[in-house]
Amino acid sequence: MLTGLVVGKFCPLHKGHEALIEFARARSDRLMILSYTKPEFVGFPTERRAAWLAALYPDAIRLVLDDEGLAAFAARDGTERRFLPHNDAPEEDHRAFVAWVCRAMLGLTVDRVFTSEPYGDGFAASLGRHFGHPVEHLMFDPSRTIVPVSGTRMRDDPLLHRTFLARPVRRDLVRRVALIGGESTGKTTLAAGLAERLGTAWVPEYGRELWERRGGKLEYADLLAIGREQVACEEAALDDAAGWLVCDTSPLVTMFYSEAMFGQIDPELIELAARPYDMTFLCAADFPFVQDGTRRDPTFRQRQNDWYGRALAVSGIPYQVIGGPLDERLQTALSVLAATSAATSRPGQNP
C-alpha cells in the first residue's frame, strides 16, 4: 500500500492546502496529514485545526500535534517525552521529528511526500534515510498559480477568507460581535452602520420582528423560540459574513425580557445566553428616548442596561460600554474590533 504524507501548519487551512491534499490523495493508497506549529498562532489552536481536517478529510490519517499531546503520548507509551521543534529550528530537526512521529506514534513509514516548496526534495531524502527505503517527493504548484494564496496572506487579510477557504473553515473563522442595550439605545442603527463599514453581514433582532407580527402579544414559550431562532439566524448569516458578523442583539436580551415579562427563564435560554461572542458592546442609554409606540419609557431602558451590565459582569463575558453620537460609536467599535483582529506572528518555512 502506497502511503503519502502532507505536512503543514494549516493556520488557516485554505484552498491551496486543499489542492495539495487532493493532489496527494489521488497519488496515494492512504494519506497521512500531519500538522504542528510552535509557537501556535493565535486563533488557530490544535483543536480547531483538527476539526477542520476531520470535516474535510475523514478518510485520511490525521494528526494535529502540540506539546501537550506529545506529553500525553509519552505517558501512555511509557517513553521519553518529545517536544515540537520550533518553527525556526533547523530543517533537519523538523525532518527527524516527522520521521519519529510516523514510526513511533503511527507505526508506519511513507513512500511519498507532497509539498509545494523547494525543500521537498531534501525532506524526502531525509525521510528515506530515517526509514531505510526511498521516499519520493512530488511537488504541486510551486508558483502558486492554481490557487494564488498563502497562509501569511490569509492571516494578513481576513477578507480573503470568503474566496480561499472551504465553507466549514470559513464559517468557523468568522468572529461575532453582539450589540445589546435597552430600548432606544441605537443598536439597530449601529449594527447596520458597523456592518457597512466592515463590508460584512448583520443579523436583525428576531424578537422585535415577532413582537410586531404578534401585535405585542407574546407567550412565555415564545421567548425560548426567539432565542433559538436568533441563534439560527446567526448561523445562517455566517455564509455571507466577511471577517466579522454583526449581531443586533443576543439571547441575553431575550433572557431579560423573559424575566421581566414572565418572572422566569427557561434553562435552555440561559444556556443560549451563555454562547460566546468575540466582542460584546453594551450601548449606553445616552440617546434621547424615542417612543415608537412599542417601547416603555426611559426608566425601563435604564433598568435594562443595568441588568445587562450585571449579567455580563457575573458571567465574565468580555464587553465594552459604547456611547456618544453614532459616528463616535462607530469609530470606537471599529477601533476595538481592529485591535481584536490584530495580526499575529508570521511563520518560518519548514520542514
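Once you've got the GNM for the chain with C-alpha springs shorter than 10 Å, pick whichever of Asp156, Asp59, Asp77 has the biggest mean-square fluctuation.
In this elastic network of the chain, the residue with the biggest mean-square fluctuation among Asp156, Asp59, Asp77 is Asp77.
With loop defined by DSSP as not H, G, I, E or B, and exposure as at most 16 other Cβ atoms within 10 Å, which is the longest segment of the chain clear of exposed chymotrypsin sites (Phe, Trp or Tyr not before Pro)?
So the longest stretch without any such site is 120-351.
Taking amide hydrogens as modeled 1.01 Å from N in the peptide plane, which residues meet the under 5 Å criterion relative to Val113, leaving out close sequence neighbours?
Leu5, Glu136, His137, Leu138
Once phi is turned into θ = phi - 60°, what whole-Hz ³J(HN,Hα) does the Karplus curve with 6.51, -1.76 and 1.60 give for every residue of the range 90-105, x standing for Gly and Pro?
x, 3, 5, 4, 5, 5, 5, 5, 4, 4, 5, 4, 4, 7, 6, 8
Which of the lysines could a cross-linker span from Lys9 if the Cα-Cα distance has to be under 27 Å and same-chain partners fewer than 8 positions apart are dropped?
Filter leaves Lys38.
Among DSSP bridges having both ends in the chain, what percentage is antiparallel? Round to the nearest 5.
5
Angle, helix 251-262 long axis vs. longest principal axis of the chain, Cα atoms, 0 to 90°, nearest 10?
The angle comes out near 30 degrees.
Modelling each spin label as a point 7 Å along the Cα-to-Cβ direction, I'd like the Thr189/Arg76 distance in nm, to one decimal.
Roughly 5.7 nm, to one decimal.
Against the longest principal axis of the chain, how steep is helix 120-131, in degrees 0 to 90 to the nearest 10, with axes from Cα atoms?
Tilt of helix 120-131: around 70 degrees.
Once amide H atoms are built 1.01 Å from N in the peptide plane, which residues 5 or more positions from Val203, or in another chain, come under 5 Å H to H?
Hits under the 5 Å cutoff: Val246, Cys247, Asp248.
Using 7 Å Cα-to-Cβ label points, what is the Gln302/Ala125 separation (nm, one decimal)?
Distance between the two pseudo-spin positions: 7.8 nm.
Which of these, His133, His94, His161, has the largest mean-square fluctuation under a Gaussian network model of the chain (Cα springs below 10 Å)?
His133
Which residue, Gly309, Gly132, Gly69, has the most motion in a Gaussian network model of the chain that connects Cα atoms within less than 10 Å?
Of Gly309, Gly132, Gly69, the Gaussian network model singles out Gly132 as fluctuating most.
Between Ala26 and Glu212, what FRET efficiency follows from the Cβ-Cβ distance if R0 is 35 Å, with the result rounded to 0.05?
Efficiency, rounded to the nearest 0.05: 0.05.
Pull out the extension gain between Asp93 and Ala55, defined as 0.36 nm times the separation in residues minus the alpha carbon to alpha carbon distance; nm, one decimal.
10.7 nm
Using Cα positions and a limit of under 27 Å, work out the lysines in reach of Lys187, with same-chain residues fewer than 8 apart set aside.
Lys217
In whole Hz, with x marking every Gly and Pro, tabulate ³J(HN,Hα) for the range 2-16 from phi via Karplus 6.51 cos²θ - 1.76 cosθ + 1.60, θ = phi - 60°.
Listing the rounded values in order: 7, 9, x, 9, 10, 10, x, 7, 6, 10, x, 6, 10, 5, x Hz.
Quick one: which of 166-177, 264-275 comes out on top by average Cβ neighbours within 10 Å, and what's the full order, highest first?
166-177, 264-275
Starting at the first residue of the range 40-46, write each ³J(HN,Hα) from the Karplus equation 6.51 cos²θ - 1.76 cosθ + 1.60 with θ = phi - 60°, in whole Hz, x for Gly and Pro.
Whole-Hz 3J(HN,Hα) from phi for the range 40-46: 7, 7, 4, x, 10, x, 3.
Computed from the coordinates by the stated procedures, all read-outs in this text should not be read as laboratory data. As the structure is a computational prediction, the values presented were derived from the model and not from experiment. As a convention, Cβ positions derive from the backbone with ideal geometry for all residues, glycine included, and neighbour counts pool all protein chains shown.
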